[in-house]
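Enquirer: Structure in structure tokens, see below.
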Amino acid sequence: MLKYLKIPLYPFSLLYGLVMWIRNRFYDKGLLTAVEFDIPVIAAGNLSVGGTGKTPHVEYMIRLLKDQFKTATLSRGYNRRSSGYLLADEHSTASDIGDEPMQFHAKYPDIKVCVGEERMLAIPQLLGDEPETEVILLDDAFQHRSVKPGMNIMITEYNRLFTRDHVVPFGRLREGRSGYKRANCIIVSKCPPDMSLAEKAALEKEINPLPYQRLFFTTLQYGTLFDMTTGQPVNVSPSATVLLACGIARPEPLLEKLQQQFSKVYLLAFPDHYYYSEKDLAKIKKERDDLPGTEKIVITTEKDAVRLHLLKKELAEQNLQIAVMPVEISFLFGEADSFNNFIFDYVARHQPALGQ
């Protein structure tokens, strides 16, 4: 039924897709300028609107690179309450730089994290502030074509492959499917951990990567619950009743994981990148208290936690304990080393010559 209700949106999708196609052609033909930099720049993004699991993939590359190269991330800082270029410091909050950059900054204090709407202007500012930077990870920059990255990584979700989707508003694509041709690497995210070789082959055939493209498959790997305030592990029995309170684009994978782990799980969903208020905390606490059972717990995501930290005082006053479920990605079919070498080789080969 929903599919038929969306049919009137299809002409608008065609129009928007045409506008994006013309824009891309202008960049391809050099009619719009894309700036290249001497330093290795890796862009991670997607064709669709949110929910592909991009953040844990960026974190994977941070962990991969940070011990061998001076690494920085550059994000737009979506929904932050500031503007312009900002380099994160010890005083930064999610309100200043956005939730995803704040998550990077909190988890990986030994890298540089900055935000800026105009990446082509922000990169020179970053290099001016941190001239020893050896690699920049551009977060959510697949459509930000004013910067030409040395490597483009496109992430597409297993359950919502770009090959089966349409341009917004009829579908969820930010541009036409042909945009995948810009990618050097395509990652199918959120795959079942037990995905078969036969299904892998079928998806490879469907995506049909071009000769210069690498194709990888990843799955989500959830970690150990920890207390949002203390950072200490939280032990919860399987019989506990769980309230999942979160504001992310696609809570379904985490909800399914918790339903496998606990007997009763309820979802309290907020908008993506949502800034919580004291009233929201009271609502979360009431929802938890109204749940059945004696052992009850509120669980949220790492991304939500950096926004909830803005209300540390209020959380303490309401005596509201919240546990955080961390998530990472792992590569299927034993291809982690292949991906790692692919990234390492690019970064090492494109280091500026000494004296430049």
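Enquirer: Just checking, how many residues over segment 33-91 are of a type in the set (Lys, Arg), at pLDDT 95 or above and surrounded by 15 or more Cβ atoms within 10 Å (Cβ to Cβ)? Please lay out each step first, then the result.
Expert: Residues of segment 33-91 that are of a type in the set (Lys, Arg), as a first pass: 54, 63, 66, 70, 76, 80-81.
Restricting the remaining residues to those that are at pLDDT 95 or above gives 63, 66, 70.
Filter again for surrounded by 15 or more Cβ atoms within 10 Å (Cβ to Cβ), leaving 66, 70.
Going through segment 33-91 one residue at a time, the tally reaches 2.
Enquirer: Being in the same structural domain as Phe170 (by TED's automatic domain parsing), of a type outside the set (Lys, Arg), farther than 23 Å from Leu87 by Cα and in contact with a helix residue (DSSP H, G or I) (Cβ under 9 Å, 6 or more places away or on another chain) narrows it down to one residue among Leu65, Leu47; which is it?
Expert: Leu47
Enquirer: Mind listing whichever residues of segment 21-76 are under 20 Å from Pro326 (Cβ atoms), among the polar types (S, T, N, Q) and assigned to a loop (DSSP other than H, G, I, E, B)?
Expert: Residue satisfying the conditions is Thr52 alone.
Enquirer: Of the residues that make up segment 251-259, is at least one in contact with a Lys or Arg (Cβ under 8 Å, 6 or more places away or on another chain) and either crowded, with 18+ Cβ neighbours inside 10 Å or over 26 Å from Thr156 (Cα atoms) (or both)?
Expert: There is at least one residue in segment 251-259 that is in contact with a Lys or Arg (Cβ under 8 Å, 6 or more places away or on another chain) and either crowded, with 18+ Cβ neighbours inside 10 Å or over 26 Å from Thr156 (Cα atoms) (or both).
Enquirer: Moving to a separate point now. Take the residues of segment 77-114 that are among the small types (Gly, Ala, Ser) and touching a Phe, Trp or Tyr at 6+ places or on another chain (Cβ under 9 Å): which is nearest to Val324 (Cα to Cα)?
Expert: Restricting to residues being among the small types (Gly, Ala, Ser) and touching a Phe, Trp or Tyr at 6+ places or on another chain (Cβ under 9 Å), the top hit is Ala94.
Enquirer: Tell me which residues, restricted to segment 306-356, are small (Gly, Ala, Ser) and in contact with a helix residue (DSSP H, G or I) (Cβ under 8 Å, 6 or more places away or on another chain).
Expert: Passing the criteria: only Ser330.
Enquirer: Return yes or no: is Asp337 surrounded by fewer than 19 Cβ atoms within 10 Å (Cβ to Cβ), assigned to a helix (DSSP H, G or I) and either touching a strand residue (DSSP E or B) at 6+ places or on another chain (Cβ under 8 Å) or of a type outside the set (A, V, I, L, M, F, W, C) (or both)?
Expert: In short, yes.
Enquirer: So which of Arg174, Arg182 ends up being over 20 Å from Phe342 (Cα atoms), in contact (Cβ under 8 Å) with a residue 24 or more places away in the chain, under 22 Å from the mean Cα position of the chain (by Cα) and surrounded by 14 or more Cβ atoms within 10 Å (Cβ to Cβ)?
Expert: After applying the criteria, what remains is Arg174.
The values are calculated or read from the model by the stated rules, or taken from the named source; none is laboratory data. Just so you know, these numbers come straight off a predicted model, no measurement behind them. Please note: Cβ atoms are built from the backbone with ideal geometry, for glycine as well, and neighbour counts cover all protein chains shown.
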